[in-house]
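The values are calculated or read from the model by the stated rules, or taken from the named source; none is laboratory data. Because the structure is predicted, anything quoted here is derived from the model rather than measured. Reconstructed Cβ throughout: ideal geometry from the backbone, glycine too, with neighbour counts over all protein chains shown. Areas reflect the complete protein model, heavy atoms only, side chains present, ligands, DNA and RNA absent. Shrake-Rupley method; radii C 1.70, N 1.55, O 1.52, S 1.80 Å.
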Amino acid sequence: PAMVVLPKATFLMGSPDNETGRSKNEGPQRKVSISYTLAVGKFEVTFAEWDACLADGGCNGRRLKRQGEERGNRPATHVDWNDAQDYAKWLSAKTEAPYRLLSEAEWEFAARAGASTQYSWGADASHEHANYGMDECCGGFISGRDQWELAAPGGSFPPNAFGLHD
């Protein structure tokens, strides 16, 4: 997969007490240092990548359910922690390079990309930057750059400041 090497940095993990929509488990805020080389997938793992794992005898033989009719370069859905571990194990063996899941701190660092706001692009959810359904429950929603009721193809939205998509 295409990878992006993240900068080494110290960041404030967690949400401030006054952040809209904040859950109790998002605090307290604390400083976390990423003082080592960390490469992260530029895009989410896709159905095509998962299907390659299956075709090669990996991923515990589990064919994932799809969301809608599309597969291909759409993000793999209905993946649990064990599935993700199986994929990382297969990818490591296939490439002879170590792959693993990100820790919670690493994931937040990568997703926020140096921003202090709720999203890497600002404080508010935006269909110009993400595919996330309706602002109020429930279902898919098409608006702005977000032209997909279900999962958008990988790379459909601008990358964050670290060059990571979606």
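Structure data summary
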| read-out | value |
| --- | --- |
| Of (1) 37, 18, 15; (2) 27, 23, 14; (3) 28, 17, 15, the label for semi-axes √(5λ) of the Cα gyration tensor in Å derived from the coordinates | (2) |
| Amide H within-cut-off set for Arg74, under 5 Å, with H built and near neighbours excluded | Phe47, Ala48, Gly154 |
| Centroid-to-centroid separation of segment 128-166 and segment 10-72 [C-alpha atoms, Å] | 15 Å |
| Given Lys42/Lys89; Lys24/Lys89; Lys8/Lys89; Lys8/Lys65; Lys24/Lys94, the pairs whose alpha carbons are separated by over 29 Å | Lys24/Lys89; Lys8/Lys65; Lys24/Lys94 |
| Low-density loop cleavage sites - chymotrypsin sites (Phe, Trp or Tyr not before Pro) in segment 31-117, where at most 15 other Cβ are within 10 Å (DSSP) | Tyr36 |
| Net charge, Lys31 excluded, C-beta distance under 15 Å - Lys, Arg +1, Asp, Glu -1 | 0 |
| Sites matching trypsin sites (Lys or Arg not before Pro) across segment 1-42 that sit in DSSP coil, with at most 12 neighbouring C-beta atoms within 10 Å | Lys8 |
| For the chain, calculated [θ]222 nm from helices alone, where every DSSP H run of n ≥ 4 adds -39500 (n - 2.57) | -6000 deg cm²/dmol |
| Residue with peak Gaussian network fluctuation, the chain [Cα springs, cutoff 10 Å], from Ala55, Ala76, Ala113 | Ala55 |
| Equivalent ellipsoid dimensions for segment 81-149 as semi-axes, Å, which come from the Cα gyration tensor, largest first | 30, 17, 11 |
| Per residue solvent-accessible surface (Å²) - the chain, probe of 1.4 Å | 61 Å² |
| Ile34, Ile142, ranked by accessible area, largest first (probe 1.4 Å) | Ile142, Ile34 |
| Restricting segment 78-166 to GluC sites (Glu not before Pro) in coil, as DSSP defines it, with at most 10 other Cβ within 10 Å | Glu96, Glu136 |
| Share of carbon and sulfur in the accessible heavy-atom surface of the chain [1.4 Å probe, %] | 51 percent |
